[in-house]
Amino acid sequence: MKIALVFNSFSYVPHEENLKVVQKFFGLFPPLSLAWVASIAERHGHNVIIIDAHALGLTKEETVKILKEFDPDILGFTVNTYVYQETLAWIKFIKNALRKPVMVGGYGVTLYPMESAAPEEVDFGFVKHVHESLPKFLDEFEGMKRFSGIPGLIYKDNGKIRFVPPSDSGQFDFNELPDPARHLLPNEIYASFPTKRKNFTAMITSMGCPHRCIFCTVARTAYSPRSSALVLREIEECYYKHGIREIDFFDYEFTVDRKRVMEICDGIIQKGMDLHWACRTRVDSVDSELLEKMKKSGCDRIYYGIESGVQEILDTIHKDITLEQVREAVTLTKKTGMEPLGFFMIGSPGETRGTIKKTLRFANSLNLNYVQFGRFNAKPATAIYADLMVSAKMDYWRDYMMGAIEPRPLPRPWTKLTQKEVDEFCRMAYVKFHLRPLFLLKSALAVKTAPELARKMLAFFEMLFCRQKALKESGNFAVYRSYKVNKIFKLWRRIIRSRPE
């Protein structure tokens, strides 16, 4: 059977946690969920293509042209709650052009199964992991179409939505999944903002997180890691088959299993792979010996979830770390020669102008190489969102999925800061962090390639542009005129106006 999986392009929506300019420049990453679906289907003898319309910059019309040439038996899409309505627009357009059945999966379907499958253009949906349900479904789709016995499947029966609950077979074993089908992806065009080498890819080696942060969608979920042997096998495939020289591990906490990380590092070293890699982790799960081994194996960047420079806020959001642990982890990371990046949030419970200033001073004192300041948002399936639903007496994400409301920033009853203030403080934090003379000098000296320099300069000056524009529109002319970047700003404005569309 011929299966076409489409990763649609999407635009910025106001309920996201990142600023628009940050989202624009943070990177292009492979759609790993679709790549896993493709590998599962291929393993069972099916012919699959993936069209990454987002990374390739394809329009709906261009995507339809490719699909018509392939002539699939069924179409597949992944559902992200944040951009569901845009994905649905793509589904409607493509289905109208091809008249083919459509299946959807992803975390958004698991959170809102009936809502995801409600549109008439959606024929099938998959809840939770599909390594068992997808092969059974494809067999029935080609054969007798007896869908009622497939756990986790949503299907239409004479216009009615039927949902077969997923089987409760215990903890998901990530080792059962094959490697993602990267041979179906345009690996040469993926990149993250700090990327230094090509080709680049993202990799996920574990599911779940044992910690209890109230803002995280996977807090206190079962932790399921892939074995070090399987991770190394996937790394080797990336390195030798796809020419990948930089990997970003997207695990929620890569170093939670210290022994596994040491084994992965030893494997990379023993195989002599000239590889750069990065990961995300917590400040309380690294130590000097582990960091040294990670550096030796090619790790040159670590993303730490710091969130705030105020201990009371860290305690309130159940981060379960201290400011001293943050300082120690960042210091150790710098000592080994790696680049630390700090994730921070603006608008947390109890946030004030004063706490934001403390966080910015703390961030500036850490000698970080990169920072990301995002809004503290009530994401679906988080503890903070559960509280918000009770107080607001509504389920925003459900209503958005159903098309009942337009996308908008969610309320933050836990702080007196307005949405405009949160946005402005995020912009201010970025600009003040990056305008420090010593930081600018160090960043310039650390740049290795012309594309890296161009990417960082574009992002930096566009952030200035957005902040200056916001200040001017707010009527804050005193602050606007006092900024000592007007000449650079005007030059940048001329540059972006001359850029081709």
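The values are calculated or read from the model by the stated rules, or taken from the named source; none is laboratory data. All of these numbers come straight from a predicted model, not from anything done at the bench. We place every Cβ from the backbone using ideal geometry, glycine too, and count neighbours over all the protein chains shown. Areas reflect the complete protein model, heavy atoms only, side chains present, ligands, DNA and RNA absent. Shrake-Rupley method; radii C 1.70, N 1.55, O 1.52, S 1.80 Å.
See the values below:
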item: Extended-chain gain in nm, criterion 0.36 nm per residue less alpha-carbon gap, Arg146 and His318; result: 57.3 nm
item: Label point distance in nm, Ile66-Ile405, each placed 7 Å from Cα along Cα→Cβ; result: 3.5
item: Accessible surface of the stretch 239-394, 1.4 Å probe, proportion on carbon and sulfur as whole %; result: 51
item: Highest to lowest packing among 146-153, 118-125, scored as the average C-beta count within 10 Å; result: 118-125, 146-153
item: Protection proxy ranking, peptides 62-68, 290-296, average beta carbon neighbours within 10 Å, highest first; result: 290-296, 62-68
item: Cα-only Debye scattering, the stretch 14-116: base-10 log of I(q)/I(0) at q = 0.12 Å⁻¹; result: -0.45
item: At most 11 other Cβ within 10 Å, DSSP loop - trypsin sites (Lys or Arg not before Pro), the stretch 325-405; result: Lys393
item: Too-long pairs where the Cα-Cα distance tops 22 Å, listed order kept, from Lys2/Lys92; Lys335/Lys357; Lys379/Lys432; Lys100/Lys241; Lys128/Lys319; Lys20/Lys379; result: Lys335/Lys357; Lys379/Lys432; Lys100/Lys241; Lys128/Lys319
item: Probe 1.4 Å, protein heavy atoms only - accessible area per residue of the stretch 159-251 in square angstrom; result: 41
item: Whole-percent carbon and sulfur share, accessible surface of the stretch 105-199, 1.4 Å; result: 50
item: Where labels lie 7 Å past Cα in the beta-carbon direction, separation of Met389 and Glu188 in nm; result: 4.7
